[in-house]
1. Look through 85, 76 and report the one residue that is more than 18 Å from residue 43 (Cα to Cα) and modelled with pLDDT of 95 or more.
2. Residue check, residue 63 against (1) touching a strand residue (DSSP E or B) at 6+ places or on another chain (Cβ under 9 Å); (2) over 23 Å from residue 26 (Cα atoms), all met but one. Which one?
3. What residue, of 23, 4, is farther than 25 Å from residue 138 by Cα and at pLDDT below 95?
4. So in segment 119-161, with the set limited to residues that are among the acidic types (Asp, Glu) and part of a helix (DSSP H, G or I), which one is surrounded by the most Cβ atoms within 10 Å (Cβ to Cβ)?
5. Which one is farthest from the chain's Cα centre (by Cα), of the residues in segment 104-118 that are of a type outside the set (Phe, Trp, Tyr) and part of a loop (DSSP other than H, G, I, E, B)?
6. In segment 89-110, which residue that is touching a residue at least 40 places away in the same chain (Cβ under 8 Å) and closer than 28 Å to residue 46 by Cβ is surrounded by the fewest Cβ atoms within 10 Å (Cβ to Cβ)?
Amino acid sequence: MTPETARTIAVDVNGVSYEREVEARKLLIHFLRDDLDLTGSHVGCDTGNCGACSVLLDGVLLKSCMLLAVQADGTSIRTVEGLGSDGELDALQQAFADHHALQCGYCTPGMLMSASWLLERNPRPSEEEIRRAIQGNICRCTGYVNIVRAVQAASGQEVSE
């Protein structure tokens, strides 16, 4: 990297501060995966369509393939690795496991981040609100029914199987 193509950025990711030199053109998803070794977020389409790379940046849900790492300078980022703690699943992750809301698992990180974002703003969402919140995430395996049930369960709602 030359000084013209690199910049030092500082970010807080899942409560840990990082300062790294990055190429000006590096996408945030590649910074997270390649530079910080946080591989939970997946690279799916690189066009913002699939949602597998979704993260929270300063509390805003976004697709990390659509943002340059240098644009994240000075921000706080939460990835799927930031959901659980001390090696334990959080309630949403556990609900995904309990309600079979994943199959191949490729979309799961994005689904979890979208659902987490929703539940932080609306602790008891309706089915329609859940479906609207996850609509930016493509799943080719589950048909979404069990994902919706898992989000309902994580919110403490009664789930019909």
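The values are calculated or read from the model by the stated rules, or taken from the named source; none is laboratory data. From a predicted model like this one, the values you see are computed outputs, not experimental measurements. Methodologically, a virtual Cβ is constructed for each residue, glycine included, from the backbone with ideal geometry; neighbour enumeration extends over all protein chains shown.
1. Values: 85 fails: modelled with pLDDT of 95 or more.
Being more than 18 Å from residue 43 (Cα to Cα) and modelled with pLDDT of 95 or more holds for just one of 85, 76, which is 76.
2. Unmet condition: (2).
3. Working: 23 fails: at pLDDT below 95.
When all the criteria are applied, what remains is 4.
4. Taking segment 119-161 as the starting set, the residues that turn out to be among the acidic types (Asp, Glu) are 120, 127-129, 158, 161.
Narrowing further to those that are part of a helix (DSSP H, G or I): 120, 127-129.
Details: 120: 11, 127: 12, 128: 9, 129: 14.
Taking the candidates together, the pick is 129.
5. Filtering segment 104-118 for residues of a type outside the set (Phe, Trp, Tyr) gives 104-105, 107-116, 118.
Checking the rest, the ones that are also part of a loop (DSSP other than H, G, I, E, B) come to 104-105, 107.
On the way: 104: 16, 105: 13, 107: 10 Å.
That would be 104.
6. If we take residues in segment 89-110 being touching a residue at least 40 places away in the same chain (Cβ under 8 Å) and closer than 28 Å to residue 46 by Cβ, then 106 is surrounded by the fewest Cβ atoms within 10 Å (Cβ to Cβ).
Residues checked against (1) in the same structural domain as residue 140 (by TED's automatic domain parsing); (2) more than 23 Å from residue 84 (Cα to Cα); (3) surrounded by 16 or more Cβ atoms within 10 Å (Cβ to Cβ); (4) in contact with a Cys (Cβ under 8 Å, 6 or more places away or on another chain):
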position	(1), (2), (3), (4)
13	no, no, yes, no
20	no, yes, no, no
31	no, no, yes, no
34	no, no, no, no
40	no, no, yes, no
45	no, yes, no, yes
49	no, yes, no, no
60	no, no, no, no
63	no, no, yes, yes
